[in-house]
Amino acid sequence: MIAGMLTSFGLDYFLLCLAASFGVLQFAAAYSRLYGLLVFNRSFSAFLGFAVMTLAFTWFFATEPRNIPDTGEGLDGNQQAILFSTAAATSLVIILFVTSLRNWSTSNEESARNGIDVLRSTTYFKALMKGRNGFWKRFSLSTKKPSSGSTAG
């Protein structure tokens, strides 16, 4: 099963899914005004996302014959699922890392939003750090209870 994924067809499929996922995420983030996920400004990120999606599919289907059965050198459904999931997760990690580094100084830390809406005004890593710090502050306050020992003085 792994051998089929390591062929040039498997690599091409992985690259298609990686590029298409990147494009979809950029287009969706631009449409939803999630500035913390945008690599560039909103309008250019929307254009870039659509262009990357279009070019990825054009490259994949126009360069070579891709109607290959899985009994030959094609990919079966399990291999496609693994490659797609890996490519989509890789694309998301790359976007989170790049946008967090690129937009580190421009993000607003005073956001009162929760969930994915926090990415409208801050980056993923800053939101993660803020959430972690808030958790530890609440945790440390809840564990500071009086001792059961005597304080004879």
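Just so it is clear, none of the values below were taken in a lab; they were calculated from the coordinates. Since this is a predicted model, take the numbers as computed values, not measurements. FYI the Cβ positions are ideal-geometry reconstructions off the backbone, even for glycines, and counts take in every protein chain you see.
Data overview
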| read-out | value |
| --- | --- |
| Given (1) in contact (Cβ under 8 Å) with a residue 40 or more places away in the chain; (2) surrounded by fewer than 12 Cβ atoms within 10 Å (Cβ to Cβ); (3) of a type outside the set (A, V, I, L, M), number of the condition Asp70 does not satisfy | (2) |
| Helices (runs of 4 or more DSSP H) wholly inside segment 1-104 that include at least 1 residues being touching a Gly at 6+ places or on another chain (Cβ under 7 Å) and among the hydrophobic types (A, V, I, L, M, F, W, C) | 8-31, 42-63, 77-102 |
